[in-house]
Amino acid sequence: MQHSEIQAVKQRFGIIGTSELLNRAIDIAVQVAPTDLSVLITGESGVGKENFPQIIHHYSHRKHGPYIAVNCGAIPEGTIDSELFGHEKGSFTGATADRKGYFEVADGGTIFLDEVGELPLSTQVRLLRVLEAGEFIKVGSSKTQKTNVRVVAASNLNMIQATRDGRFREDLFYRLNTVPIAVPALRDRKEDIVLLFRKFASDFAEKYRMPAIKLTDDAKVLLTNYYWNGNVRQLKNITEQISVIEQQRDISAVILRNYLPEDDLKRLPALFTTSGRDQKSFSSEREILYSVLFDMKKDMNDLNKLVHEIINGQQSETKREEAHFPATFIAHKDTRFNTAVSGVDFKKDKPSRETKEYDDLDGGDDFQDAEEYHEEETAQKPLTLEDMERQMIKRTLEKHRGKRKAAADELEISERTLYRKIKEYGIE
Ligand SMILES: Nc1ncnc2c1ncn2[C@@H]1O[C@H](COP(=O)(O)OP(=O)(O)OP(=O)(O)O)[C@@H](O)[C@H]1O
Ligand SMILES: [Mg+2]
């Protein structure tokens, strides 16, 4: 499908996001819509599964027929058969009249069975029959009725596991799953996170008649790398909370952290989690800075490798992630390399904003740095956040000739924290 068509679908259904995985899910939904095939939509809770049956209905020849959404998990087991397939008067206590079920009402249209994994086994048998033969029998009746309904189902359960555990009929699973659509988790489409935040922030600004909240750069990094267990729904809720509660409209990582459940902060890369919330300023801004430095260092490694390969006329298929800087490089201290990478070398003239920060932290001892860099690379050991922190503390202590108070002041941490870290890292 054309990119512009996918855009049109998103616009019509208010779907935000540009990720390939999301585009693919939308594409499948539109392609399968004109057929009468059953579709099973899977994805974690809050990923936006509910848009898909509507897309399918809208782009099908049934679009002028009824569309009924049923939340199978919300209907008590005792009444679900009657709700779905109807009942006859007197078939159970309280059945004072005949009642049509959703499958009868939706004749000629589409039925969306949300949380289909929650259906009781006896109901699953009835559903299979509708899917295979277009037939059903009302509760308390013996008469077979016909209906022409297209079924779209959704589940946030692992359906394969549910069939293994005997909670879901395998034959029904395969029948529903004729066309599977997997809606990606938010953490698998990181590029959409800030876009969604912006959209929700602007919606809530309108709703509550306040200026929209905005994220600072460090908050964007945190938001993008968060685990998002509750996916888009959770992001929306958090955006609403912040919109309402915070007076301050520029939201920094420090503020944002207060709204992100602790358990999922622990699932972030180590970078964001080494300190507890009691040291917020240290643990967020500084760590984000580390993260930038860390990435720069990695980029430098990759660039160095590339330059080295070009000069040596080497061809390499090695992936960027696997790139290791050859040990011989700094050992020769070959000036050609310094020239070759000057455009990106953060120790050269005209540093960019980040490179300036690096220089400041680095203490200006370029040569020593190169030595240490070399040692690390030779050992093929990646530089960890702890390594960087250890080095920083060591250097700052050296600079202040061992005076802890001055070093702690410069590092903007308490003397107690510095003392603890000195012990932790075994710094002399
Ligand atoms: N791509 C998106 N753009 C804008 N809003 C979205 C997007 N995806 C989801 N949402 C919003 O997120 C919320 C949760 O989506 P939805 O109810 O479809 O989740 P779900 O996958 O059905 O979750 P569950 O399995 O818990 O029922 C809704 O308010 C929905 O409008
Ligand atoms: Mg849902």
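The values are calculated or read from the model by the stated rules, or taken from the named source; none is laboratory data. Computed from a predicted model, the values in this text were never measured in an experiment. Cβ coordinates were reconstructed from backbone atoms using ideal geometry, including for glycine residues, and neighbour counts include every protein chain displayed.
One residue stands out in the stretch 222-233 among those that are surrounded by 20 or more Cβ atoms within 10 Å (Cβ to Cβ) and more than 8 Å from the chain's Cα centre (by Cα): the one that is nearest to Gly46 (Cα to Cα), namely Val232.
Condition test on Glu83, is it charged (D, E, K, R), away from ligand 2 (no atom under 16 Å from the Cβ) and over 39 Å from the mean Cα position of the chain (by Cα)? Considered against the rule, which asks whether it is charged (D, E, K, R), away from ligand 2 (no atom under 16 Å from the Cβ) and over 39 Å from the mean Cα position of the chain (by Cα), Glu83 comes out as no. From the list Arg175, Arg198, Arg209, Arg189, the lone residue that is within 30 Å of Leu127 (Cβ to Cβ) and either in contact with a His (Cβ under 8 Å, 6 or more places away or on another chain) or charged (D, E, K, R) (or both) is Arg175. Against the numbered list (1) in contact (Cβ under 8 Å) with a residue 40 or more places away in the chain; (2) crowded, with 21+ Cβ neighbours inside 10 Å; (3) more than 15 Å from the chain's Cα centre (by Cα), Phe204 comes up short only at (2). For the residues Val149, Val105, Val116, Val139, the requirement of being among the aliphatic types (A, V, I, L, M) and in contact with a His (Cβ under 9 Å, 6 or more places away or on another chain) singles out Val139. Return the residues of the stretch 226-243 that are modelled with pLDDT of 95 or more, in contact with a helix residue (DSSP H, G or I) (Cβ under 7 Å, 6 or more places away or on another chain) and over 14 Å from Asp192 (Cα atoms); say none if nothing qualifies. Selection gives Thr239, Glu240, Ser243. Within the stretch 126-170, the set of residues being surrounded by 14 or more Cβ atoms within 10 Å (Cβ to Cβ) and in a helix (DSSP H, G or I) comprises Arg126, Leu127, Leu128, Arg129, Val130, Leu131, Met159, Ala162, Thr163. All conditions in (1) assigned to a helix (DSSP H, G or I); (2) within 16 Å of ligand 1 (Cβ to nearest atom); (3) in contact with a strand residue (DSSP E or B) (Cβ under 6 Å, 6 or more places away or on another chain) hold for Asp81, with the sole exception of (2).
Considering the stretch 101-124, the residues that are of a type in the set (A, V, I, L, M, F, W, C), without any contact (Cβ under 8 Å) to a residue 60 or more places away in the chain and outside any strand (DSSP E or B) include one that is surrounded by the fewest Cβ atoms within 10 Å (Cβ to Cβ), namely Leu121.
Restricting Gly46, Gly14, Gly73 to residues that are of a type outside the set (Ser, Thr, Tyr), away from ligand 2 (no atom under 15 Å from the Cβ) and under 17 Å from Arg233 (Cβ atoms) narrows the list to Gly14. Only residues that are part of a loop (DSSP other than H, G, I, E, B) and more than 19 Å from Lys236 (Cβ to Cβ) were counted in the stretch 17-35, giving 3. Listed by first and then second residue, the pairs linking a residue in the stretch 65-76 that is polar (S, T, N, Q) to a residue that is outside any loop (DSSP other than H, G, I, E, B) and buried (at least 19 other Cβ atoms within 10 Å of the Cβ), with Cβ atoms under 7 Å apart and 6 or more places separating them unless they lie on different chains, are Asn71/Asp114.
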